[in-house]
Amino acid sequence: MKQGRKPVIGLMCGNEVSNRPIQAVATRFIDPLVQLCGASVLIVPAVPEAVDTALMADMLDGLLLTGGRSHVAPAQYGDCAELAPQACDPQRDSVALALAGRMIERGKTVFGICRGMQEINVLFGGSLTCLGGLPRHHRGSWEGDYDMLFGHHHPVDLMPGGALAGRSGHRRVEVNSVHQQGVDRLGYGLVVEARDAEDGLIEAFRAPGCGADVLAVQWHPEWDIATCGVARGFFTMLGESVRGHA
């Protein structure tokens with residue numbers, strides 16, 4: 001990144017249908033990239049033929065793989081008959097995994113939230129639990145009250161010596177999770193940053209030694225930046241990392 005230019009962070013979209021197909025990403029993911037990372041935001045469509053991943057990886061200083069309503073397709077990590085095909089977004093899988101891989105090859109920053117964490121785990125050779133498996137933290141409905149959907153919290157334990165623990169200054173924090181998939185087998189080379197305090201589910205990890213800053217959380221820090229120090233820490237670390245490419 002040239003000096004004097006804002007870092008550019010790619011923000012991953014997903015495919016949704018509202019009368020007709022649309023590219024969708026919640027505005028709440030954009031705000032902290034601007035406010036806490038000081039970045040310009042480039043929306044990345046989940047349309048494989050529209051994204052030259054090599055060119056995009058050259059352009060971007062960082063990539064945020066967002067949460068979304070869909071799930072990573074079982075074909076990406078192994079068979080799972082319990083997962084309904086209509087819940088998947090294979091086009092997003094294709095773009096997200098390819099672009100994240102290209103970014104990491106170039107030593108560039110890749111952070112993930114919720115579905116994004118699951119994508120990174122799969123990229124590193126890990127696997128996921130499915131809809132019928134436990135644990136799950138989904139509350140309410142996507143068609144209902146978002147305050148109810150995202151407003152519940154549960155405790156996670158931050159690993160001593162981890163990046164998140166160092167930022168928060170706490171051993172245990174309350175976070176909000178909205179997901180029906182989770183990490184089953186951790187990807188190769190990934191290091192656990194946080195676990196659910198009640199059931200031990202991996203709630204955050206990083207990828208030391210891969211040549212790029214890679215950090216992912218299962219919860220939704222973009223929802224809690226006003227009140228949660230570890231949420232703000234996630235985005236300030238992202239901002240510091242992408243500025244470090246200057």
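Please enumerate the residues belonging to region 36-65 that are in contact (Cβ under 8 Å) with a residue 60 or more places away in the chain and either among the polar types (S, T, N, Q) or closer than 20 Å to Arg106 by Cβ (or both).
Scanning region 36-65 gives Cys37, Ala39, Asp61, Gly62, Leu64, Leu65.
Identify all residues within region 22-41 that are among the aliphatic types (A, V, I, L, M), part of a loop (DSSP other than H, G, I, E, B), out of contact with any Cys (no Cβ under 7 Å at 6 or more places or on another chain) and open to solvent by less than 50 Å² (accessible area, probe 1.4 Å); write none if there are none.
Passing the criteria: Ala26, Ala39.
Would you pick out the residues in region 169-197 that are in contact with a Leu (Cβ under 8 Å, 6 or more places away or on another chain), buried (at least 20 other Cβ atoms within 10 Å of the Cβ), within 22 Å of Ala226 (Cβ to Cβ) and modelled with pLDDT under 90?
Selection gives Val173, Val178.
Return a yes/no flag: does region 232-246 have any residue that is in a strand (DSSP E or B) and surrounded by fewer than 17 Cβ atoms within 10 Å (Cβ to Cβ).
Checked region 232-246: no residue is in a strand (DSSP E or B) and surrounded by fewer than 17 Cβ atoms within 10 Å (Cβ to Cβ).
Looking only at region 57-79, decide whether some residue is exposed (fewer than 14 other Cβ atoms within 10 Å of the Cβ), over 18 Å from Cys114 (Cβ atoms) and at pLDDT 95 or above.
Within region 57-79 (the criterion being exposed (fewer than 14 other Cβ atoms within 10 Å of the Cβ), over 18 Å from Cys114 (Cβ atoms) and at pLDDT 95 or above), the answer is yes, since at least one residue qualifies.
Condition first: modelled with pLDDT of 95 or more and farther than 25 Å from Leu190 by Cα. Can you find one or more residues in region 14-21 that meet it?
No, region 14-21 contains no residue that is modelled with pLDDT of 95 or more and farther than 25 Å from Leu190 by Cα.
Got a number for residues in region 198-231 being touching a Gly at 6+ places or on another chain (Cβ under 9 Å) and surrounded by fewer than 20 Cβ atoms within 10 Å (Cβ to Cβ)?
Within region 198-231, residues that are touching a Gly at 6+ places or on another chain (Cβ under 9 Å) and surrounded by fewer than 20 Cβ atoms within 10 Å (Cβ to Cβ) number 6.
The values are calculated or read from the model by the stated rules, or taken from the named source; none is laboratory data. Because the structure is predicted, anything quoted here is derived from the model rather than measured. When we count neighbours, we look across all protein chains shown, and the Cβ atoms used for this are built from the backbone with ideal geometry, even at glycine. Side chains included, ligands, DNA and RNA excluded: accessible areas come from the protein's heavy atoms. Shrake-Rupley method; radii C 1.70, N 1.55, O 1.52, S 1.80 Å.
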